[in-house]
1. Considering only the range 318-344, state which residues are outside any loop (DSSP other than H, G, I, E, B), open to solvent by 10 Å² or more (accessible area, probe 1.4 Å) and either on the phi > 0 side of the Ramachandran plot or not polar (S, T, N, Q) (or both).
2. Consider only pairs whose beta carbons are under 6 Å apart and that are at least six residues apart or on different chains; among these, list those whose first residue lies in the range 431-457 and is in the same structural domain as Y414 (by TED's automatic domain parsing) and whose second residue is among the polar types (S, T, N, Q).
3. Which residue out of L189, L159, L205 is within 21 Å of L330 (Cα to Cα), away from ligand 2 (no atom under 16 Å from the Cβ) and either open to solvent by less than 10 Å² (accessible area, probe 1.4 Å) or at pLDDT 95 or above (or both)?
4. When you scan the range 8-17, do you find a residue that is without any contact (Cβ under 8 Å) to a residue 60 or more places away in the chain, in contact with an Asp or Glu (Cβ under 7 Å, 6 or more places away or on another chain), under 24 Å from A167 (Cα atoms) and assigned to a strand (DSSP E or B), even just one?
5. Quick one: which of K478, K490 is more than 16 Å from ligand 1 (Cβ to nearest atom), modelled with pLDDT of 95 or more and open to solvent by 60 Å² or more (accessible area, probe 1.4 Å)?
6. Name the residues in the range 144-162 that are more than 15 Å from ligand 1 (Cβ to nearest atom) and within 19 Å of V116 (Cβ to Cβ), would you?
7. Which residue, of S44, S105, is closer than 21 Å to N206 by Cα, in contact with a Gly (Cβ under 8 Å, 6 or more places away or on another chain) and not aromatic (F, W, Y)?
8. Name the residue, out of S105, S165, that is over 22 Å from A284 (Cα atoms), modelled with pLDDT of 95 or more, within 16 Å of ligand 1 (Cβ to nearest atom) and under 17 Å from the mean Cα position of the chain (by Cα).
Amino acid sequence: MAARIEETFELFIDGRPTPATRGERRTLLNPATNTPLTEVPAGSADDARHALEAAEKAFRDSGWAIDDGSRRAKALYRLARALEEQLEAFALVETLNMGKTLKESRGDIGYVVRTVEYAAGLADKVQGETIPVPGSRFDYTLREPLGVTVHIAPWNYPLLLAIRSVAPALAAGNAVVLKPATLTPLTALKFAKLAHDAGVPPGILNVVTGSGGEVGEALVTDPRCRSVAFTGSLEVGRRIAELAARRVVPTTLELGGKSPVVVLPDADLERAARGIAFGIFPNAGQMCWAGSRLLVHASVAKELVEKVVAIAKAYRLGPGADPSSEMGPLVSREQADRVLGFVDEARSAGARVAGGTKAAEEALGHGNFVRPAVVEGATPASRVVREEVFGPVLSVLPFETVDEAVRLANDTDYGLFAALWTRDLGSAHTIARQLEAGMVAVNEAPNTFPQTPFGGYKASGLGFEQGLDAVKAYTRRKNVMVQLGGGKPKRA
Ligand code: NAP
Ligand code: MG
């Protein structure tokens, strides 16, 4: 299927499609075939500055920031409806660009619709407080938007992870500059147009494509940038935090993971097997919170692993746009090679691996397809157990005692997510407290909603997205103290 997208893409700055200043364009490949899909402008530092200028002007002049929130709510609700109407078109573009199956892309775009609605509902509920203070004084706080907020997104859930922070920032009255991942900028560009048509004023949502090193750094280091929301790798997250710290700008970091799934011997193994597979194989394993380490009690390990391997083997690999496909390709050749590298290294070191090969048959051989893998017998110190693979690769580690399971679960630099399977209520709640992770699931695969906080402990990040505080995070507090005069206060 040599699909092409017949749509022209430009940067989106100040309410209109804008060609990149250098005029360079980059060809995107369809990950299912590695054939050209479309071209996008390669933006530069100048384009980044142009977008910041437009955002700053709109923040000052458009009225978006000083509205009571009801206009923002209405625009965001209209945007959610418009996106819902175009869900199929957005899903198809996401699939062709990133590789995931159409079912997965539909799920992603549906999630974006809910995220925008949730932010819309909060837009007119951002308010301060009055604070009793001594003497004849009146004290209150204001919640103000930050100004120009910068958002830098990864390629694994291109629109979803971009809008997860963009929607609350807009709801709070900020002006946004978004830089999507170089590999997957298409739906963000389409979204910006839709937002404009829904009534988001020109300059309030700008999208600049281009490399992280140039466009990303130009955005973060510019004096007009008042906050950075970054989702991506630990390495780049550290760099961004350093750059932002120099300018004392708040940063939200949503980084990687090496999430443990702990299975106690009393667990419902049938449900656990399905939940474990759902935690590692969707999106071809390219999930920050993938449950990539299965810690299972030795007494049930054989039975459970057999069930998970059976699910892994049954996956039908194919182009995401083919409705019968259950697992799409990895996003790029490089990513497929990287994932296969982890598996080959584990195999050479003596681990037993089910699956984990490149799909070589005629229909898939040119794409970046890797069969789901279950790795047994790798040592706790090996790379496949310690590092984020970001592919459909599950490592199995048996344990004997609950203490050992908790120690193994926490034996990682990351702390994004952890899952626990047991029928015992006491163990469930006790172990949930002991797991060092920003999100814990009990008898549940990784799951999240716009109303539940999403974030990591340790090297998995800084700050949280989603939930009631999501919009507040894009505001700052101002304390106002007023001297009322007239001596000692009296009761009326
Ligand atoms: P990445 O390489 O860190 O890139 C993320 C974004 O940062 C891209 O837009 C990238 O641009 C940009 N960037 C790169 N270098 C930059 C720099 N020096 N300054 C500013 N921006 C820069 O991550 P990825 O490979 O796209 O995504 C995979 C990673 O994201 C994994 O580690 C995964 O765990 C993590 N992730 C975390 C979450 C979460 O919510 N915690 C969710 C999804 C993914 P280019 O595309 O041009 O390189
Ligand atoms: Mg990268």
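1. Correct list: R333, E334, D337, R338, L340, G341, D344.
2. E436/N410
3. L159
4. no
5. K478
6. If the condition is that a residue be more than 15 Å from ligand 1 (Cβ to nearest atom) and within 19 Å of V116 (Cβ to Cβ), then P145 is the only one that fits.
7. S44
8. Exactly one of S105, S165 is over 22 Å from A284 (Cα atoms), modelled with pLDDT of 95 or more, within 16 Å of ligand 1 (Cβ to nearest atom) and under 17 Å from the mean Cα position of the chain (by Cα), namely S165.
The values are calculated or read from the model by the stated rules, or taken from the named source; none is laboratory data. Keep in mind it's a predicted model, so treat the numbers as computed, not measured. All Cβ positions, even for glycine, are placed from backbone atoms using ideal geometry, and neighbour counts span all protein chains on display. The accessibility values were calculated without ligands, DNA or RNA, using every heavy atom of the protein model including side chains. Shrake-Rupley method; radii C 1.70, N 1.55, O 1.52, S 1.80 Å.
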